[in-house]
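Before any comments, here is the structure.
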Amino acid sequence: MTPESCHIHIGQAGVRLGHSTWELYSLEQNIGSDGRNNDANPDDPWDLPPSTTLFYERETGKYVPRSIFIDPDPSSIDEIRNGTFKSLFPPEQLLSGNESTSGNFAHGYHGVDKQLINTARDQLRRLAENCSNLQGLFVSHSLGGGTGSGLGALFAEKIAEDFPKKSKFQLAIYPSLQDQDPANTFEPYNAVLSTHRFGNIAK
Ligand SMILES: Nc1nc2c(ncn2[C@@H]2O[C@H](COP(=O)(O)OP(=O)(O)OP(=O)(O)O)[C@@H](O)[C@H]2O)c(=O)[nH]1
């Protein structure tokens, strides 16, 4: 049985990282921006179909990423919705709201619309149920932004509850001293508070 993995991208940095990563995965697997396998040649024994580790195949023959994108602020997900790969991702896997976490861990952790979080959990559960041999979950997010640090930590706790026996991999972007955003002086605090939360669920 092919092992599968699900990917969760949270906040602007997480979503952008995910967007670029899925572009590369698609290229590697010969999947076009419309989700179709470009080189499918049934007569060529070496022309293997795309791996189902990262993508699942719909009855229509379209390959869909095993991923969800979450950001309460819609701008980064709108870049995907309006970008070249807009047809690759089903709309239900692109989850955005209409609020900002103001660059603040507390807002990202406590203040994000519960409906958005519950929808994301349901969607992730659906993706997991679609797997026959789920091996693990990858979460990408920044530790400096309010969403990445706060919602990232909260969602990781929810994942730990929902998938206690699965491996979890965190792809976290730490704030950089060289490239600090002068508009967000909370970044180092967000990173410390978020790292503390992750410490509680790491095993
Ligand atoms: N590597 C990388 N880092 C990014 C990118 N966008 C933002 N960052 C970093 O992420 C941190 C800010 O977090 P964001 O992800 O932009 O913010 P957020 O998590 O959406 O939360 P908000 O504060 O609500 O915007 C800063 O340390 C940025 O340097 C990106 O495209 N690539």
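The values are calculated or read from the model by the stated rules, or taken from the named source; none is laboratory data. In this text, all values refer to a predicted model and were calculated from it rather than measured experimentally. Virtual Cβ from ideal backbone geometry, glycine too; neighbours counted across all protein chains shown.
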On the given criteria, is residue 159 near the ligand (Cβ under 10 Å from one of its atoms), surrounded by 16 or more Cβ atoms within 10 Å (Cβ to Cβ) and under 14 Å from the mean Cα position of the chain (by Cα)?
no
With the first residue restricted to region 90-106 and required to be in contact (Cβ under 8 Å) with a residue 12 or more places away in the chain, and the second required to be of a type in the set (D, E, K, R), Cβ contacts under 7 Å at 6 or more apart or on different chains are 94/81; 96/71; 97/113; 99/73; 99/113; 100/73
Please go through region 84-105 and give me each residue that is of a type outside the set (S, T, N, Q) and at pLDDT 95 or above, ordered by number.
88, 89, 90, 91, 92, 94, 95, 105
Do we find a residue being buried (at least 21 other Cβ atoms within 10 Å of the Cβ), at negative phi and within 16 Å of the ligand (Cβ to nearest atom) anywhere in region 123-133?
no
Picking from 144, 150, 136, 111, the residue that is within 16 Å of the ligand (Cβ to nearest atom) and surrounded by fewer than 19 Cβ atoms within 10 Å (Cβ to Cβ) would be 111
Positions within region 174-187 being near the ligand (Cβ under 10 Å from one of its atoms) and either β-branched (Val, Ile, Thr) or surrounded by 14 or more Cβ atoms within 10 Å (Cβ to Cβ) (or both), in sequence order
175, 184, 186, 187
Please give the strands (runs of 3 or more DSSP E) falling wholly within region 1-77 in which 3 or more residues are away from the ligand (no atom under 16 Å from the Cβ) and buried (at least 22 other Cβ atoms within 10 Å of the Cβ).
none
Tell me the residue from 193, 171 that is within 11 Å of the ligand (Cβ to nearest atom), in contact (Cβ under 8 Å) with a residue 40 or more places away in the chain, surrounded by fewer than 21 Cβ atoms within 10 Å (Cβ to Cβ) and not in a loop (DSSP other than H, G, I, E, B), please.
171
Inspect region 157-168 for any residue being in contact with a Pro (Cβ under 6 Å, 6 or more places away or on another chain) and within 20 Å of residue 111 (Cα to Cα) and give the result as yes or no.
no
Taking the criterion of being within 29 Å of residue 3 (Cβ to Cβ) and of a type in the set (S, T, N, Q), would at least one residue in region 146-166 satisfy it?
no
Exactly one of 84, 185 is assigned to a loop (DSSP other than H, G, I, E, B) and in contact with a Ser or Thr (Cβ under 7 Å, 6 or more places away or on another chain), and that one is 84
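Let's see how each residue does on (1) in contact with an Asp or Glu (Cβ under 8 Å, 6 or more places away or on another chain); (2) of a type in the set (Val, Ile, Thr); (3) modelled with pLDDT of 95 or more:
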{"residue": "126", "(1), (2), (3)": "no, no, yes"}
{"residue": "141", "(1), (2), (3)": "no, no, yes"}
{"residue": "155", "(1), (2), (3)": "no, no, yes"}
{"residue": "178", "(1), (2), (3)": "no, no, no"}
{"residue": "187", "(1), (2), (3)": "yes, no, no"}
